[in-house]
1. Restricting to the stretch B:230-245, and then to whatever is within 9 Å of chain C (Cβ to nearest Cβ) and more than 21 Å from the chain's Cα centre (by Cα), can you tell me which residue is nearest to residue C:30 (Cα to Cα)?
2. Test residue C:252 against the criterion of being over 25 Å from residue C:349 (Cα atoms) and assigned by TED's automatic domain parsing to the domain that holds residue C:168, and give yes or no.
3. Residues B:42, B:76: which one is crowded, with 18+ Cβ neighbours inside 10 Å and either within 31 Å of the chain's Cα centre (by Cα) or under 30 Å from residue A:159 (Cα atoms) (or both)?
4. For the stretch B:120-224, which helices (runs of 4 or more DSSP H) that fit wholly inside it have 2 or more residues that are within 14 Å of chain C (Cβ to nearest Cβ)?
5. Taking into account only those residues within the stretch C:364-386 that are surrounded by 14 or more Cβ atoms within 10 Å (Cβ to Cβ) and more than 24 Å from residue C:279 (Cβ to Cβ), which is farthest from the chain's Cα centre (by Cα)?
6. Could we say that residue B:112 is more than 14 Å from chain C (Cβ to nearest Cβ) and either more than 30 Å from residue A:234 (Cα to Cα) or within 18 Å of the chain's Cα centre (by Cα) (or both) here?
7. Within the stretch B:246-265, track down each residue that is closer than 28 Å to residue B:47 by Cα, free of Cβ contacts under 8 Å to residues at least 40 places away in the same chain and more than 7 Å from chain A (Cβ to nearest Cβ).
8. The conditions are (1) modelled with pLDDT of 85 or more; (2) more than 22 Å from residue B:259 (Cα to Cα); (3) part of a helix (DSSP H, G or I), and residue B:32 fails exactly one of them. Which is it?
């Protein structure tokens, strides 16, 4: 087989597939963003960006991603290193930590609402411990900070496992000889982590971060459950345009805005965590 | 003098060990406690679910679960869900793997465009694409088939499969494969005998994602299937308007199969040569 | 000869029944109503089981329903036979996509509903199917704090505010509950209750001085409202948990509270303001899309749903009331009794000021509601100046009315062309 054509043959199936089931409908939807009935226009973009909620939902989305993703990264790294050094019970612990992967959005929103609502589990436990004498309203417009914290916690709980699994698989590929050599030279565990694990894990870190950041801009369900009307995010506004206002042009424009942000951040991450040529092991 | 140092060192190690174990336990609790609440609410009577203070111990009232047991069509929907998720899993790995190999082993023109296409797919919400897809499916006869739905779910899962396995692939030195070639392997046998075992964890992770994504996807499933509803489309899309105790029970029923699946494949998440040999 | 004709007649009759039976594959009934799993189950087992041939009842959330329907219409072939949805859902559709149902000879007992169902054409675009309304409900524990001299069946907004204030003072917590979450039906309160009660209008009076008073009153009520209300979408949940004692919501979104603990709650009419006791109906209809695979079976289903027995079964299953004249049996569920009585008192009250559903807005119904929701969020949640917000939002509302050319509906005074925002 000619090595020049081989890569193209190999990517052909997935490309064809995505062209039919993604690119084709995507182009149709993207077209709507630039039309309002009379030719090419930016009216849809003007309409969505001039709505008073747009800057709020944009800030909210970015803030939430900025608060949640770094914590998730740190937590996933910690969990991945812990589980990789584990002897007995490794399977079980890793299984427990990956459980949130299997939880649907609806179940996650139910669980966290049941925890934070006024007659919820958190209030039950706090009053049981005597910390409070009557239930506190955590999710109220009077404490936007608490609402933000609740959403962030739920998101960290729900979506850290996705990074964990990627990192665990990546750590598994680091040859154990490196650590043995480091042990011989008396390098501390922390040194081993920063000098061996982190650099060798770069490709996995890159993937985990890119995926997580993209998904962070798409969050909707859990935010809607906990934040209610108080915490609009871009994706929620998109669905409002599409299904409540029946304005698919504006919804398409909204999605293109989210897409642009996602791609922007992806390129930044790819740049920062660049994997140098030939340096991979 | 040396004694105290030794004792100190032993103490530090002991404390380090305690710290380590307690953080593992703490992190397990962090994951499990919310799930436990879901279970408590599922196994409680409607009155208890709505009461305050909440009980922290399940009372094993099976009323809510029994309601779903009597729900017509649950088993068929479950079968469809498994079918669709299984097909999604197989397809996303089958068409994803060759592309991953190409990405990590060759330099070719258009490589970055291709990667961007893959990423783009992941950054676009399905509910907006569902309309053109449904029109296409109705016209081609793919409408209301498990296979058709699996095709759509594969578009969601393939980017995960490609990105994850790619990141692991690029961690495997090409020298390893070259060594296999000199020992008489072809590209294909070198791949299956040397590389494949190494990226098994990545493939497992992709498989888990593919399964879970397909399992939990509601919107496309609700739009693209009529008689062959998946369990999620059958249950989930109406749960949010249902009474609280049924919401919890329905949510719980949906979670269980996904957890069983992850449990079944969990051990493949570890690589064959890294930590597994230790 | 006579024997011969008889035999022939019997044979053709048998053949006809056979073909009719064969052609009547399951009718797919796609609905946005009766969503909760229990109601779906009831719809299948109690309501549709009597139709004769099997009906595949599928209740979807609005977005999925609309996407599926539009896909079938665009593709030109479909599997959905009958559509069940709200008046607003149908009025957002292109009238050509719905089959003319005039020749079925079906109609509701309300001329207003029958006119709405024509969607501005001269044909029956959908058949009124069932109706509901929005009412108030309270925990009986709250009754002791009713202001002196207040009659719960004839409350005013001032009395309601006083009542919620009394409750807050006694319990230390704001206990009024309002469905202000994104899924809650808060916009209907402003359109059908607050505005009519204070301004005797919805569109014309949107930015009037009376409207400023209305929003000031609502702000006052909001200060005694559970601040978690921005997460509430089904007030039955908060009634049952005790997080709210006095609530406003759709009758079917309160039903579970009355059915679970009938002795603990009371239902009562919405309060009155200076211009009467504003309230509005909810109207659901059935229609047939032009892509229905089996038109006759679909029409037979529509006819079946309008039968008195079916209407009563539907009431039991969904808490939506009949649209035709039927004698209601005595053994109805507690939720139906409570809601029915409250709605009856509301309509029969001396100061009743019934509003109509918006008509002629086409697919701008969502934008119309958004004006009221945005106004609420800016005035109440963001604390902006009432006058400024109303003047701002007025421009948007005026744009919608001008674009659609929708005429005024009750309680607004009739208009010649597009309903003006004064």
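1. Looking at residues that are within 9 Å of chain C (Cβ to nearest Cβ) and more than 21 Å from the chain's Cα centre (by Cα), I get B:238.
2. Spelling it out, it is not the case that residue C:252 is over 25 Å from residue C:349 (Cα atoms) and assigned by TED's automatic domain parsing to the domain that holds residue C:168.
3. Being crowded, with 18+ Cβ neighbours inside 10 Å and either within 31 Å of the chain's Cα centre (by Cα) or under 30 Å from residue A:159 (Cα atoms) (or both) holds for just one of B:42, B:76, which is B:42.
4. By residue number, B:126-140, B:146-169, B:219-224.
5. Applying the filter and picking the extreme gives C:384.
6. For residue B:112, the condition - more than 14 Å from chain C (Cβ to nearest Cβ) and either more than 30 Å from residue A:234 (Cα to Cα) or within 18 Å of the chain's Cα centre (by Cα) (or both) - is not met.
7. B:256
8. (2)
The values are calculated or read from the model by the stated rules, or taken from the named source; none is laboratory data. No experiment lies behind these values; they were computed from the predicted model shown. Virtual Cβ from ideal backbone geometry, glycine too; neighbours counted across all protein chains shown.
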